[in-house]
Amino acid sequence: AQFESFLCDVRVITTISKLTKTCVLRLTPDNLFFVLSGKVANGGVSMWCELSQANFFDEYQMEGVSPEDNEICLEVTPENLSRALKTIQNAKAVKVKLTKKHCPCLTIAAELPTLSSISRVVTHDVPVDVIPRRLWNEFKEPSMPDFDVSIYLPPLKTLKNIVDRMKNLSNFLVIEANLSGEMNLKIETDLVSVTTHFKDLGNPPWGDDASQDGGPSQSRDPEAMAQARVDIRKLQQFLMGQQVNPSKAMCSKSTHRVVHLILLHEDVSLQYFIPAVA
């Protein structure tokens, strides 16, 4: 299995490195996916980040394990990848190859600008693990839960500042939202009760048949709040990691089951699932 490419953006990988220590990089002829398949049922978060290779690479050649299974799946440490890419951000050209050295590696070779005519090439070897074909099913796109309410989020920076303050008061946070564009963040302890209200956020236009596609039921009372209680640290980790500055951020809630966050920015989509706690 091999692939070869020129890279041009590191913010996405930096964001992912803040969310997880390790994840799976899944390569197909058209897309790259960063996948964290934590079992939400067991209290773990999961993540699905999708990038179109045509928008990130000038050249892209890949050959999977076979013509039928034309993919490569690698376990990577995003922080190592991010660190390597940050050191070469001023490069004239960057080439990434899957190589076999003392172990499988993503070898990143960068041609750096120089004052002379002699080119200067810096190489980083980032160790990876190749995931065998029999385990690939664990890294498919997560199925959408049937959710009750979906809402656009306020600016993530605002949200982060509020969540940072609330974390000092409680370990858990209740997120409420309805189909009238209203959202509340609430914490309640024996000593204190704090609620932050947002209004006029807007709800994504899921269409009339949304209830068949996992979207909110059209018969739902628009004022009725759907709520989910989450571990505040998991939400804070998601907000702390944001480097992408998305053009759209959405949150869908399945009452008492899961909070599904979606960030959209140009040619990147990032989905993050936080399990609800009782």
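In the set SER66, SER117, which member is farther than 30 Å from HIS260 by Cα, open to solvent by 80 Å² or more (accessible area, probe 1.4 Å) and more than 24 Å from the chain's Cα centre (by Cα)?
SER117
Per-residue answers, yes or no, for (1) surrounded by fewer than 20 Cβ atoms within 10 Å (Cβ to Cβ); (2) small (Gly, Ala, Ser); (3) at pLDDT below 80:
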| residue | (1), (2), (3) |
| --- | --- |
| ALA224 | yes, yes, no |
| GLN242 | no, no, yes |
| LYS248 | yes, no, no |
| LEU264 | yes, no, no |
| LEU270 | no, no, no |
| ALA278 | yes, yes, yes |
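Mind counting the residues in the stretch 179-198 that are part of a loop (DSSP other than H, G, I, E, B), within 16 Å of ALA226 (Cβ to Cβ) and of a type outside the set (S, T, N, Q)?
Qualifying residue count for the region: 3.
Looking at LYS97, LYS167 in this structure, which one is surrounded by fewer than 20 Cβ atoms within 10 Å (Cβ to Cβ) and under 26 Å from VAL258 (Cα atoms)? Before the answer, list the steps.
Numbers: LYS97 fails: under 26 Å from VAL258 (Cα atoms).
Within the list LYS97, LYS167, the selection yields LYS167.
Report, ordered by the first and then the second residue, all pairs with beta carbons closer than 6 Å, sequence separation of six or more or different chains, a first member in the stretch 110-128 that is closer than 24 Å to CYS73 by Cβ, and a second member that is of a type in the set (Val, Ile, Thr) and not in a loop (DSSP other than H, G, I, E, B).
Listed pairs, sorted by first residue: HIS124/ILE108; ASP125/THR107; VAL128/VAL76.
Being basic (Lys, Arg) and either open to solvent by less than 20 Å² (accessible area, probe 1.4 Å) or closer than 19 Å to THR195 by Cβ (or both) is the filter here, so list the residues in the stretch 127-164 that pass it.
Correct list: LYS160 only.
The values are calculated or read from the model by the stated rules, or taken from the named source; none is laboratory data. Bear in mind the structure is a predicted one, so any value in this text is a computation, not a measurement. Using ideal geometry, Cβ is built from the backbone for each residue, glycine included, and neighbour counts are taken over all protein chains shown. Ligands, DNA and RNA are excluded from the accessible area calculation, which covers all protein heavy atoms including side chains. Shrake-Rupley method; radii C 1.70, N 1.55, O 1.52, S 1.80 Å.
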